[in-house]
Amino acid sequence: MKKLILDQVHQDLGGKMVDFAGFNMPVQYEGLNAEHLHVRSAVGVFDVSHMGEFFVEGPQALHFLQKVSSNDVSKLTPGKIQYSCLPNDKGGIVDDLLIYCLAENSYLLVVNASNIEKDYNWLAAHLPEGLTIDNQSDNWSLFAVQGPKAAEALQSLTDLDLAGMKYYTFAKGAFAGCDNVIVSATGYTGAGGFEIYVPNEHALQVWDAIFKAGADWDIKPIGLGARDTLRLEMGFCLYGNDIDDSTSPLEAGLAWITKFTKDFINSEALKAQKEAGLSRRLTGFVMEDRGIPRHDYAVLNADGETIGVVTSGTQAPSLGKAIGMAYLQKDYLTEGTEIFIQVRNKALKAKVAKPPFYKG
């Protein structure tokens, strides 16, 4: 099991450590609910250094990324970021990722920790001559500083205008005394905030500086447990739960990042799927009866017939009720439709609801 550069720091902070995607990760410190609500109301820091970073450079970089990703990379200019996915050749998704445009024909791909090796091998297999993919995942640390007070808490550490940084943009500059730090504003919590990419040798310096600067805003370390409940309240997909090698991006509600204005891997088959109409789609639901929906629980109709499967579910701390996402047959996708979640031996009532569940 791999360790984060700051593994001992998290243990000293009282972090409960678990194996996640092959990394020893803090799942919580003082408790999931408290950490979740703190991010919604103030500011918290996630160490997500397990994420993967690939640098793609060369004269054919744009052409290559257009071929392997579903979104239209030509729309990116330096300083902008795009959410996208890597379609496989069987109708599913290799991974979802962020594409940072560093400069013309120079990009940073941020991929899921569990898929680093798989993604690298997939991309390398489609690589044209004269282009390089540099897997720097083991050399970078990544801190996600999330919450409505994030800009105020961090501004003293940099000359970059954090409050003025637009969603899905980034800048490089000095941060906490380190040069060439990448600061971006993408977020996976719906609470606002920033991602700080820093070489490992500066990780402790930057971490300590963040907590010192944020002390007046009651900044706290936050674990992976709250990261999952925060993203689920927003209806954001998690690879391995809501999307995987067998789920179509169209079925997953990711048509908005699937651009048929260009050719990409398996685009013809996906286009045909769109034209034929989808038989199922990922949607949200809110529990009416008491009970927590979990991954792989069956979804039933009033007659007890299986009409879908739960992909993610939790008790939502901001809402005080249980929510989830599921792939449902097309006849059951209308908001407000009554469905039932098979929780152990009981069919518990729920209603279809369109994410985001948390409106802010």
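The values are calculated or read from the model by the stated rules, or taken from the named source; none is laboratory data. The structure presented is a predicted model; accordingly, all values stated were derived computationally and were not measured. Reconstructed Cβ throughout: ideal geometry from the backbone, glycine too, with neighbour counts over all protein chains shown.
Listing for the model above:
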{"quantity": "Filter result (without any contact (Cβ under 8 Å) to a residue 60 or more places away in the chain and either part of a loop (DSSP other than H, G, I, E, B) or among the aliphatic types (A, V, I, L, M) (or both)) within segment 238-264", "calculated": "250, 253, 255, 260"}
{"quantity": "Filter result for residue 33 (surrounded by fewer than 22 Cβ atoms within 10 Å (Cβ to Cβ), in a strand (DSSP E or B), touching a residue at least 12 places away in the same chain (Cβ under 8 Å) and at negative phi)", "calculated": "no"}
{"quantity": "Contacts under 8 angstrom Cβ, first residue in segment 265-284 being without any contact (Cβ under 8 Å) to a residue 60 or more places away in the chain, partner among the polar types (S, T, N, Q), 6 or more apart", "calculated": "278/248; 279/329; 280/329; 282/247; 282/311"}
{"quantity": "Within segment 156-184, considering residues that are of a type in the set (S, T, N, Q) and either without any contact (Cβ under 8 Å) to a residue 40 or more places away in the chain or part of a loop (DSSP other than H, G, I, E, B) (or both), the one nearest to residue 113 (Cα to Cα)", "calculated": "180"}
{"quantity": "Spans of strands (runs of 3 or more DSSP E) in segment 92-147 with at least 1 residues over 17 Å from residue 184 (Cβ atoms) and touching a strand residue (DSSP E or B) at 6+ places or on another chain (Cβ under 9 Å)", "calculated": "93-103, 132-135"}
{"quantity": "Residue check for residue 56: assigned by TED's automatic domain parsing to the domain that holds residue 154 and either β-branched (Val, Ile, Thr) or part of a strand (DSSP E or B) (or both)", "calculated": "no"}
{"quantity": "Any hit, segment 204-222, residues being of a type in the set (D, E, K, R) and either assigned to a loop (DSSP other than H, G, I, E, B) or touching a strand residue (DSSP E or B) at 6+ places or on another chain (Cβ under 6 Å) (or both)", "calculated": "yes"}
{"quantity": "Residue match in segment 155-171 (condition: modelled with pLDDT of 95 or more, touching a strand residue (DSSP E or B) at 6+ places or on another chain (Cβ under 6 Å) and basic (Lys, Arg))", "calculated": "no"}
{"quantity": "Candidate set from segment 319-360 (those that are crowded, with 21+ Cβ neighbours inside 10 Å and of a type in the set (Gly, Ala, Ser)); member that is farthest from residue 237 (Cα to Cα)", "calculated": "350"}
{"quantity": "Condition met for residue 314 (closer than 19 Å to residue 83 by Cβ and among the polar types (S, T, N, Q))", "calculated": "no"}
